[in-house]
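Worksheet for the structure shown next.
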Amino acid sequence: MTDEDRTLPPALKEAHASRFFEEHDGHDFQPDDVFMWSAETTEWWRHWTGDPAAWVPPFRVFGRDGSGGLAAFWIRVPGAAVEIQPVVFLGSEGELQVIARDLGDYLWLLANGVGPLETVDGLHRVPEPIPELVAIARRHTGTAPPPVEALVAAADAELPALTALINSATK
């Protein structure tokens, strides 16, 4: 038995409780109530990279899409709070995307009406804010709503580092 803490950050749990993003703009996202067990994440990582001896991955998985791709916090800075780590998507077909620079940006994407997987394929519509999620994001971040374009650009700036990590694991 393990004493692994699988508790999601309260802000993430509260935002996901709204459930607005299931079948949102054609993107099926299924949030988990707790983080995936690290042993399960490692097993998935080894299968995903094709390396049965791959190291323990730096991800805390909190959801998935209908095809088996995973949404996770990328523990880019070991020992730092999970809330300040990037939120990423690792697709079942090898897709890679940084969804948000951190939990605060992720909350603002949701608040702006952007589902967690919409940034993977590109945003193909004008999103509309969701008042319930705006209130959650404002309460947990203490900031005004940033433009969606700024959130996406900040996340995209993290992609080269994620790509380098993946490339180092799949060689």
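The values are calculated or read from the model by the stated rules, or taken from the named source; none is laboratory data. Worth saying up front: this structure is predicted, and the values here are computed from it rather than measured. We place every Cβ from the backbone using ideal geometry, glycine too, and count neighbours over all the protein chains shown.
Okay, residues lined up against (1) without any contact (Cβ under 8 Å) to a residue 24 or more places away in the chain; (2) of a type outside the set (Gly, Ala, Ser); (3) under 19 Å from residue 152 (Cβ atoms); (4) touching a helix residue (DSSP H, G or I) at 6+ places or on another chain (Cβ under 8 Å):
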| site | (1), (2), (3), (4) |
| --- | --- |
| 29 | no, yes, yes, no |
| 50 | no, no, no, no |
| 64 | no, yes, no, no |
| 70 | no, yes, no, yes |
| 90 | no, yes, yes, yes |
| 93 | no, yes, no, no |
| 96 | no, yes, yes, yes |
| 103 | no, yes, yes, yes |
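So which residues in segment 106-121 are under 15 Å from residue 15 (Cα atoms) and surrounded by fewer than 22 Cβ atoms within 10 Å (Cβ to Cβ)?
Correct list: 112, 113.
With the requirement that a residue be polar (S, T, N, Q) and either at pLDDT 90 or above or within 11 Å of residue 82 (Cβ to Cβ) (or both), what does segment 4-20 give you?
Going residue by residue through segment 4-20, those that are polar (S, T, N, Q) are 7, 18.
Listed by number, the list holds a single entry, 7.
So, in segment 52-68, how many residues would count as being within 22 Å of residue 20 (Cβ to Cβ) and either under 11 Å from the mean Cα position of the chain (by Cα) or part of a strand (DSSP E or B) (or both)?
Looking only at that region, the number is 5.
Suppose we filter segment 122-146 for residues that are in a loop (DSSP other than H, G, I, E, B), surrounded by 12 or more Cβ atoms within 10 Å (Cβ to Cβ) and aliphatic (A, V, I, L, M); how many remain?
2
Based on this model, can you work out whether residue 109 counts as in contact with a Pro (Cβ under 8 Å, 6 or more places away or on another chain) and of a type in the set (A, V, I, L, M)?
Details: in contact with a Pro (Cβ under 8 Å, 6 or more places away or on another chain): yes; of a type in the set (A, V, I, L, M): yes.
Spelling it out, residue 109 is indeed in contact with a Pro (Cβ under 8 Å, 6 or more places away or on another chain) and of a type in the set (A, V, I, L, M).
Within segment 70-87, which residues are surrounded by 24 or more Cβ atoms within 10 Å (Cβ to Cβ) and either over 15 Å from residue 9 (Cβ atoms) or of a type in the set (Phe, Trp, Tyr) (or both)?
The one that is surrounded by 24 or more Cβ atoms within 10 Å (Cβ to Cβ) and either over 15 Å from residue 9 (Cβ atoms) or of a type in the set (Phe, Trp, Tyr) (or both): 73.
Residue by residue through segment 155-164, note down the ones that are surrounded by fewer than 16 Cβ atoms within 10 Å (Cβ to Cβ) and either of a type in the set (Phe, Trp, Tyr) or assigned to a helix (DSSP H, G or I) (or both). Can you show your working first?
Filtering segment 155-164 for residues surrounded by fewer than 16 Cβ atoms within 10 Å (Cβ to Cβ) gives 156-157, 159-161, 163-164.
Residues satisfying the conditions are 156, 159, 160, 161, 163, 164.
Of everything in segment 55-69 that's of a type in the set (Gly, Ala, Ser) and crowded, with 16+ Cβ neighbours inside 10 Å, which residue is nearest to residue 9 (Cα to Cα)?
Of the residues in segment 55-69, the ones of a type in the set (Gly, Ala, Ser) are 63, 66-69.
Those left that are additionally crowded, with 16+ Cβ neighbours inside 10 Å: 63, 69.
Numbers: 63: 13, 69: 21 Å.
For segment 55-69, the residue satisfying everything is 63.
Going residue by residue through segment 28-47, is there one that turns out to be part of a loop (DSSP other than H, G, I, E, B), within 18 Å of residue 106 (Cβ to Cβ) and hydrophobic (A, V, I, L, M, F, W, C)?
Yes, segment 28-47 contains a residue that is part of a loop (DSSP other than H, G, I, E, B), within 18 Å of residue 106 (Cβ to Cβ) and hydrophobic (A, V, I, L, M, F, W, C).
Which of the following residues is assigned to a strand (DSSP E or B) and modelled with pLDDT of 90 or more: 77, 88, 152?
Details: 77 fails: assigned to a strand (DSSP E or B); 152 fails: assigned to a strand (DSSP E or B).
On inspection, the qualifying residue turns out to be 88.
Condition first: within 13 Å of the chain's Cα centre (by Cα), more than 19 Å from residue 59 (Cα to Cα), free of Cβ contacts under 8 Å to residues at least 40 places away in the same chain and part of a loop (DSSP other than H, G, I, E, B). Can you find one or more residues in segment 105-120 that meet it?
Checked against the condition, which is being within 13 Å of the chain's Cα centre (by Cα), more than 19 Å from residue 59 (Cα to Cα), free of Cβ contacts under 8 Å to residues at least 40 places away in the same chain and part of a loop (DSSP other than H, G, I, E, B), segment 105-120 yields at least one hit.
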